[in-house]
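Chemist: Dropping a structure here in structure tokens format, bear with me for questions.
The values are calculated or read from the model by the stated rules, or taken from the named source; none is laboratory data. Predicted model only: the values in this text are computed from it and were never measured. Here the Cβ positions follow ideal geometry from the backbone for every residue, glycine too, while neighbour counts run over all protein chains shown. Heads up: the accessible areas ignore ligands, DNA and RNA and are worked out on the full protein's heavy atoms, side chains in. Shrake-Rupley method; radii C 1.70, N 1.55, O 1.52, S 1.80 Å.
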Amino acid sequence: MGGFTLDDILATRKPRDSWWTVFAVDPVACRLALLTANHTSITPNGLTGLSMLLGGASAACFAAGELAAGAALFYLSFTVDCMDGKIARLKGSGTSFGLWLDYVGDRVRVAGCAFGFAFGEGTLWALWLAAGIVVLDLFRYVNGPQLLKVREASRDRVRAATGGDPVFVEDVLLADPLADVRDESVVDLQSAFRRRFPWFDRFRLFLARHRVRTHLMSGIEFHAAIFVVAPLFGAAAMLWSALATGALLAAFEAALVYRTWLAAREADRVVPERVKVLV
């Protein structure tokens with residue numbers, strides 16, 4: 001087997017990730033990935049399959065009313081799920097199908113655990129809760145790629161019209177937040193956002209130093225709050241956790257939509273102005 005080191009594994013981590021992954025999962029997942037890479041031949045898709053099996057076991061525990069066991073298995077399932085990407089990047093063994101399998105596995109785990117909990121409770125409110133969790137989860141993971149398409153379309157439009165290099169808030173990872181947007185060839189598509197929220201760059205860079213992204217309530221934290229933390233305090237805690245974190249998730253998604261709208265509007269403003277100057 002390979003002679004990989006912990007540093008090799010750490011180098012495969014994403015540049016920025018959810019705070020739950022960074023602080024509560026990666027310290028475990030990286031060390032398990034090191035053991036897996038050096039002492040087994042399991043593939044990334046095999047790890048995804050194992051994660052799905054553990055997710056199914058978690059759902060079964062929730063259905064049986066064993067909430068603490070369900071929480072532990074959900075955490076373990078997500079930890080294994082974090083390992084597959086690391087192994088794929090480490091060994092260069094990732095596949096296109098693996099991307100689909102990883103995405104579907106996550107959605108199946110969440111839906112299975114949500115409705116498993118509803119089955120175990122046997123109440124109408126639990127069923128509505130499960131449906132709400134699944135809808136919010138799907139919205140988060142459908143909304144993200146669509147917003148990315150809008151950002152890329154805005155970027156391409158400006159680049160084609162001006163030859164400039166459009167940047168977003170997420171693109172700027174320098175110690176000086178505005179260092180690369182002072183270049184005349186760079187078009188800052190988030191200038192309107194920066195004017196409205198001048199504190200945001202300092203906040204973002206503080207989080208980036210710890211490898212944490214600014215989307216503090218993403219689907220990952222949503223899942224962790226409902227299926228890992230809340231079950232340790234009982235069924236009622238799962239209800240209130242879902243309501244509170246669901247509201248925060250919706251708020252953070254609204255903030256992403258707002259930022260993307262500002263960038264698209266800035267692209268609409270910049271392109272005619274630059275074209276007019278060139279003419």
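Chemist: From the list PHE23, PHE74, PHE78, PHE4, which residue is in contact with a Phe, Trp or Tyr (Cβ under 7 Å, 6 or more places away or on another chain) and aromatic (Phe, Trp, Tyr)? Reasoning before the result, please.
Modeler: Values: PHE23 fails: in contact with a Phe, Trp or Tyr (Cβ under 7 Å, 6 or more places away or on another chain); PHE78 fails: in contact with a Phe, Trp or Tyr (Cβ under 7 Å, 6 or more places away or on another chain); PHE4 fails: in contact with a Phe, Trp or Tyr (Cβ under 7 Å, 6 or more places away or on another chain).
Just a single option satisfies the conditions, and that option is PHE74.
Chemist: Answer yes or no as to whether ALA247 is in a helix (DSSP H, G or I), surrounded by fewer than 16 Cβ atoms within 10 Å (Cβ to Cβ) and of a type in the set (A, V, I, L, M).
Modeler: On the way: in a helix (DSSP H, G or I): yes; surrounded by fewer than 16 Cβ atoms within 10 Å (Cβ to Cβ): yes; of a type in the set (A, V, I, L, M): yes.
Yes; evaluated as a whole, the condition is true for this residue.
Chemist: Sticking with this structure for a sec: Is it the case that THR214 is outside any helix (DSSP H, G or I) and within 27 Å of ALA24 (Cβ to Cβ)? Talk me through it step by step, then tell me what you get.
Modeler: Details: outside any helix (DSSP H, G or I): yes; within 27 Å of ALA24 (Cβ to Cβ): yes.
Judged against the criteria, THR214 is a match.
Chemist: Answer with yes or no whether HIS210 is under 26 Å from VAL22 (Cβ atoms) and open to solvent by 80 Å² or more (accessible area, probe 1.4 Å). Even if it seems obvious, please write down each step before you answer.
Modeler: Numbers: under 26 Å from VAL22 (Cβ atoms): yes; open to solvent by 80 Å² or more (accessible area, probe 1.4 Å): yes.
Yes: the conditions hold for HIS210.
Chemist: Please enumerate the residues belonging to the stretch 1-33 that are closer than 21 Å to ALA208 by Cα, surrounded by 17 or more Cβ atoms within 10 Å (Cβ to Cβ) and in contact with a Lys or Arg (Cβ under 9 Å, 6 or more places away or on another chain).
Modeler: ILE9, THR12, ARG13, ARG16, ASP17, SER18, TRP19, THR21, VAL22, ASP26, ALA29, CYS30 - these are the residues of the stretch 1-33 that are closer than 21 Å to ALA208 by Cα, surrounded by 17 or more Cβ atoms within 10 Å (Cβ to Cβ) and in contact with a Lys or Arg (Cβ under 9 Å, 6 or more places away or on another chain).
Chemist: Mind counting the residues in the stretch 109-141 that are closer than 16 Å to LEU73 by Cα and within 22 Å of the chain's Cα centre (by Cα)?
Modeler: Counting residues in the stretch 109-141 that are closer than 16 Å to LEU73 by Cα and within 22 Å of the chain's Cα centre (by Cα) gives 6.
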